[in-house]
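The values are calculated or read from the model by the stated rules, or taken from the named source; none is laboratory data. None of the values given here were measured: they were computed from a predicted structure. Quick reminder, even Gly has a Cβ in these numbers, built from the backbone with ideal geometry, and neighbours come from all protein chains shown.
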């Protein structure tokens, strides 16, 4: 049985309808059922879950603890309404889908683990105003962004303005700050404790629009990484942030072919780099990562530059196709992981992570 879990609300009520539909459809293809539950449905003493099970319609029934939970959480256990129970559940039943480190920590781990050439943008934590000024003088144009998921919010592009002052672009709105105003802004971001500083790297079309490339990878039934989709998000003209509302999305292969004579080669390099990164990121953690989204820039030399990785990417573009292909890959992989774990005596599963696949 494929059991969906969320520590806030029943997954069947909050998941996109396309995702839930293809979960059910492909589970049925495998002769499986789909169940949905929250932490309040879990009886630790009896080792049962009062789950909602889909059998033509959703019906409440008691099921034994499954080998695996598909973790569709909105928040980490420590921030949930039942933190102790959520953490206990992770120890009792292995979870499928895990959070990974933030932008800064992940990049440091990857750089420590191997050589990546120019793929990574030089990144430092924002620790004070003087170090900020040093970086601004060194790179001329810099970007400040939160290390956690931002969806385009809280990002600042800063450069020295012509004449007196500093140009500060926030959410694509340009402002001129005095030295004191800039110092106040930087110190307020330092206090938040989650900001990084990078030289400004962007991808621009000949017509001036900014874009970024995203690859979406999943594991197939044998645990091998496979490319689900590669897309290009294009911002409205004048914007430097591409993941805000109002952008358009194109398939990356066709987009790159229209952008550059070597577009086919560039797309092949994007796919190959993504597969290498997915394997490297998965190797950093004791648990199995079944899905990743990777974001890249294509700089002025047409070199790929890595922005960030996400484990629970929101699917907006080409939703029907991607959700179907995602389910066709991940449900068999989850089933294979479940079968592997089911072969381990239950008393030996507690508190363990399970690595499955390559």
Query raised in the report: Could you say whether any residue in segment 328-341 is under 20 Å from the mean Cα position of the chain (by Cα), more than 24 Å from residue 1 (Cβ to Cβ) and not assigned by TED's automatic domain parsing to the domain that holds residue 111?
Result: no
Query raised in the report: Residues in segment 159-188 that are under 13 Å from residue 129 (Cα atoms) and surrounded by 18 or more Cβ atoms within 10 Å (Cβ to Cβ): how many?
Result: 3
Query raised in the report: Of the numbered conditions (1) closer than 20 Å to residue 4 by Cα; (2) touching a strand residue (DSSP E or B) at 6+ places or on another chain (Cβ under 7 Å), residue 91 satisfies every one except a single condition; which is it?
Result: (2)
Requested in this report: Looking only at segment 138-146, decide whether some residue is closer than 15 Å to residue 306 by Cβ and touching a residue at least 24 places away in the same chain (Cβ under 8 Å).
Outcome: yes
**Report entry** Any hit, segment 99-116, residues being exposed (fewer than 14 other Cβ atoms within 10 Å of the Cβ) and within 30 Å of residue 165 (Cα to Cα)
**Finding:** no
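Quick grid of which residues meet (1) within 17 Å of the chain's Cα centre (by Cα); (2) within 30 Å of residue 340 (Cβ to Cβ); (3) buried (at least 17 other Cβ atoms within 10 Å of the Cβ):
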{"residue": "237", "(1), (2), (3)": "no, no, no"}
{"residue": "256", "(1), (2), (3)": "no, no, yes"}
{"residue": "284", "(1), (2), (3)": "yes, yes, no"}
{"residue": "325", "(1), (2), (3)": "no, yes, yes"}
Report summary line: Within segment 191-234, residues in a loop (DSSP other than H, G, I, E, B), at negative phi and in contact (Cβ under 8 Å) with a residue 60 or more places away in the chain come out as 194, 200, 201, 202, 220, 221, 222, 224
Report summary line: With criteria (1) surrounded by fewer than 20 Cβ atoms within 10 Å (Cβ to Cβ); (2) out of contact with any strand residue (DSSP E or B) (no Cβ under 6 Å at 6 or more places or on another chain), residue 331 comes up short on (1)
Query - segment 9-47, subset surrounded by fewer than 16 Cβ atoms within 10 Å (Cβ to Cβ) and within 23 Å of the chain's Cα centre (by Cα), residue modelled with the lowest pLDDT - result: 9
Query - Count of residues meeting criterion [free of Cβ contacts under 8 Å to residues at least 60 places away in the same chain and at positive phi] in segment 282-333 - result: 1
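Matching residues to (1) modelled with pLDDT of 95 or more; (2) more than 23 Å from residue 236 (Cβ to Cβ); (3) out of contact with any strand residue (DSSP E or B) (no Cβ under 7 Å at 6 or more places or on another chain):
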| site | (1), (2), (3) |
| --- | --- |
| 126 | yes, yes, no |
| 132 | yes, yes, no |
| 143 | no, no, no |
| 150 | no, no, yes |
| 154 | no, no, no |
| 157 | no, no, no |
| 173 | no, no, yes |
| 184 | yes, yes, yes |
| 194 | no, yes, no |
Query raised in the report: In segment 156-173, which residues are touching a residue at least 60 places away in the same chain (Cβ under 8 Å) and either farther than 14 Å from residue 186 by Cβ or over 23 Å from the mean Cα position of the chain (by Cα) (or both)?
Result: 169, 171, 172
Requested in this report: Could you check, for segment 258-270, whether at least one of its residues is in the same structural domain as residue 216 (by TED's automatic domain parsing), modelled with pLDDT under 95, outside any helix (DSSP H, G or I) and in contact with a helix residue (DSSP H, G or I) (Cβ under 7 Å, 6 or more places away or on another chain)?
Outcome: yes
Query raised in the report: If you take just the strands (runs of 3 or more DSSP E) that sit entirely in segment 1-108, which of them hold at least 3 residues that are within 17 Å of residue 290 (Cβ to Cβ)?
Result: 2-5, 69-71
